[in-house]
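First up is the structure itself, then whatever we jot down about it.
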Amino acid sequence: MTSYNINECIQPLGDSALVIRLGSEIHPSTHQKVKNLSLLLEKNSFTGFIEAVPSYTTLTVYYNPIEVFQSRTASNSKSPYKIVSEHVFHLLKNLRIEDIKKQRIVKIPVVYGGDFGPDLDYVANYNQLTREEVIHIHSANEYLVYMIGFAPGFPFMGGMDERIATPRKDSPRLAIHPGSVGIAGKQTGVYPLETPGGWQIIGRTPLALFLPPSSPPTLLQAGDRIRFVPISEKEFEEYKELKS
Amino acid sequence: MSITVLHPGLLATIQDLGRFGSQKYGVIVGGAMDAYSLRIANMLVGNEENEAVLELTILGTSIQFESDHLVAITGGDLQPTIDGETAPMWRPIYIRKGSILKFKSAVSGCRAYLAFAGGIEVPKIMGSKSTYLRAAIGGFNGRALQKGDKLLVGSPNSNISHAFINQLKRNNEHFTWSINFTQLLSFPNSFTIRFIRGSEYERFQVSSQQTFQTKQYVITTQADRMGYRLDGETLQLSEQFDLLSEGVTYGTIQVPSSGQPIILMADRQTTGGYPKIGQVITADLPILSQMQPLSKIFFKEATLEKAESLLMEKENILNQIASGIVIKALHEH
């Protein structure tokens, strides 16, 4: 059983949010704590709670200090931060470490190389591998989505084989197609929107990662496990037609 | 009921108080840069405080009214005129069909808010009408307003709206009263912004901590709804370290490797990976959001308790303004 100290693991992020620190390194067990606390908080929220955002090692809790202040009881302290931090600390003390919910596995079809993945050759050369080996290595592992950030539905994933790790491009591309699958250092990710970016693009998925106004609005969520499945250009077009 | 955009100006977008609850999916909050001006504009036309309004930036917007409408303009003074006559701000005004409301350029502040009685009729996406430009959702077709756009505006639907419309039609001239906002908001070219220490404050060199609190920073021309890049003495970490991305918010002051701070504004990303030296207190954000490029900032540390009590004070002032408006609408003849 982990013992927590409220002043060490909870810090204010200004006067309307706070950060709960649950570890210092990227690790599946820390991720599990972040996820479980997030679920626990959604089930046991408080007046003035707005939302909570998971990251690799933290959960950031956003609240409306005015509503928190108005909800105080005689026995409560007057500071909204104190009221909220005591509430989440109480939840933290009762946090169970085991897995609460089964993880989803999401399969992401990808066309590797060619126009869809213009940097595949660079990644192969950089790591002294063949294209086929890069594709095989990239699609063999199961990845864990630690958090969503940077853009709507953009997954920060862990679990990539270091044999295909490649530094970012020296100068970022001005526009990357939505669905592009890239590598930056030891990370891999998928771009949901057309944005500028410096990742090495090795392929593209026909799936949409950002799906407003669906609820949830993204294909992937923190905690998902994903696998990349190599497909042909023909299959890519079929996926696109299926969708439209 | 509708309006036609004759000129969008520098940037005109539909905003409410923001899109909450989807940040865990990477969907930004957005919303009005200056929440106080938005709330007062809505109060003045009898709307819910969270109704969508137009946020107009610095210069050039002009709009034609296709029907009579009760509106209010708050925020920075962009020299609004109705058919060439000065349009009064911070009070309800009644604009006649065919009239042209034009904003020249900012003489104070940099964002004006234009509220319509009954609100703006665009769909709520994920709980909000705010425009999310990068993802092309919300607002008017997910984008900034363009020349020729026709916007549907709501019909007045509250007692307050009807009361003001009756008063303005009866007298056929503008109200002489206006909201005194000076305790909430000001439009300085130089201002001391209060901050609370950020998570990585202690990891900056002691000399940089002092620099941050004593030296002047200038808002550069790279200042928009996403963030303000500042220019001043560089801030250095005691030692380099890798920081993992985590949640950030409106007013987070990040310091990238250049050593020049960036203040995250309404359209910030949901997460960030740069060291956070501080966090602007919420009560000072509306003032910061109205500061133009090349304005000067000094930073002064505040305690969390002070930040909370200042926020409560300002909320009380807003409540008093709201009560005052109800009295003006329903108890004056």
In segment B:228-246, the residues that are surrounded by 16 or more Cβ atoms within 10 Å (Cβ to Cβ), under 22 Å from residue A:13 (Cβ atoms) and more than 14 Å from every other protein chain (Cβ to nearest Cβ): B:228, B:229, B:230, B:235, B:237
Of residues in segment A:139-185 being of a type in the set (Ser, Thr, Tyr) and closer than 21 Å to residue A:57 by Cβ, the one nearest to the chain's Cα centre (by Cα): A:146
The lone exception for residue B:330 - which of (1) facing chain A (nearest Cβ under 10 Å); (2) out of contact with any Asp or Glu (no Cβ under 9 Å at 6 or more places or on another chain); (3) surrounded by fewer than 22 Cβ atoms within 10 Å (Cβ to Cβ); (4) within 30 Å of residue B:91 (Cα to Cα) it fails: (1)
Lone qualifier among B:76, B:30 - being within 15 Å of the chain's Cα centre (by Cα) and closer than 30 Å to residue A:56 by Cα: B:30
Breaking point among (1) over 18 Å from residue B:90 (Cβ atoms); (2) in contact with a helix residue (DSSP H, G or I) (Cβ under 7 Å, 6 or more places away or on another chain); (3) assigned by TED's automatic domain parsing to the domain that holds residue B:27, for residue B:194: (3)
Subset tally (residues that are β-branched (Val, Ile, Thr) and touching a Leu at 6+ places or on another chain (Cβ under 7 Å)) for segment B:85-99: 1
Test: residue in segment A:119-136 that is within 13 Å of chain B (Cβ to nearest Cβ) and either in a loop (DSSP other than H, G, I, E, B) or modelled with pLDDT under 95 (or both): no
From the options A:42, A:67, residue that is surrounded by fewer than 20 Cβ atoms within 10 Å (Cβ to Cβ), over 20 Å from the mean Cα position of the chain (by Cα) and assigned to a helix (DSSP H, G or I): A:67
Complete set of residues in segment A:5-19 that are closer than 14 Å to residue A:57 by Cβ, surrounded by 15 or more Cβ atoms within 10 Å (Cβ to Cβ) and more than 7 Å from chain B (Cβ to nearest Cβ): A:9, A:10
Residue A:218 hydroxyl-bearing (Ser, Thr, Tyr), more than 14 Å from chain B (Cβ to nearest Cβ) and under 24 Å from residue B:24 (Cβ atoms): no
Those strands (runs of 3 or more DSSP E) lying entirely in segment A:171-244 with at least 1 residues surrounded by fewer than 20 Cβ atoms within 10 Å (Cβ to Cβ): A:173-176, A:180-184, A:187-190, A:195-197, A:225-230
Odd one out for residue B:39 among (1) in contact with an Asp or Glu (Cβ under 6 Å, 6 or more places away or on another chain); (2) under 18 Å from residue B:140 (Cα atoms): (2)
Evaluation of residue A:104 against (1) at pLDDT 95 or above; (2) in contact with an Asp or Glu (Cβ under 6 Å, 6 or more places away or on another chain); (3) more than 21 Å from residue B:19 (Cβ to Cβ) (one fails), failing number: (1)
Residue in segment B:162-177 that is more than 17 Å from residue B:78 (Cβ to Cβ), modelled with pLDDT of 95 or more and in a strand (DSSP E or B) present: no
Breaking point among (1) surrounded by fewer than 24 Cβ atoms within 10 Å (Cβ to Cβ); (2) under 24 Å from residue B:292 (Cβ atoms), for residue B:51: (2)
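The values are calculated or read from the model by the stated rules, or taken from the named source; none is laboratory data. No experiment lies behind these values; they were computed from the predicted model shown. In this analysis, Cβ positions are derived from the backbone assuming ideal geometry, glycine residues included, and neighbour counts consider all displayed protein chains.
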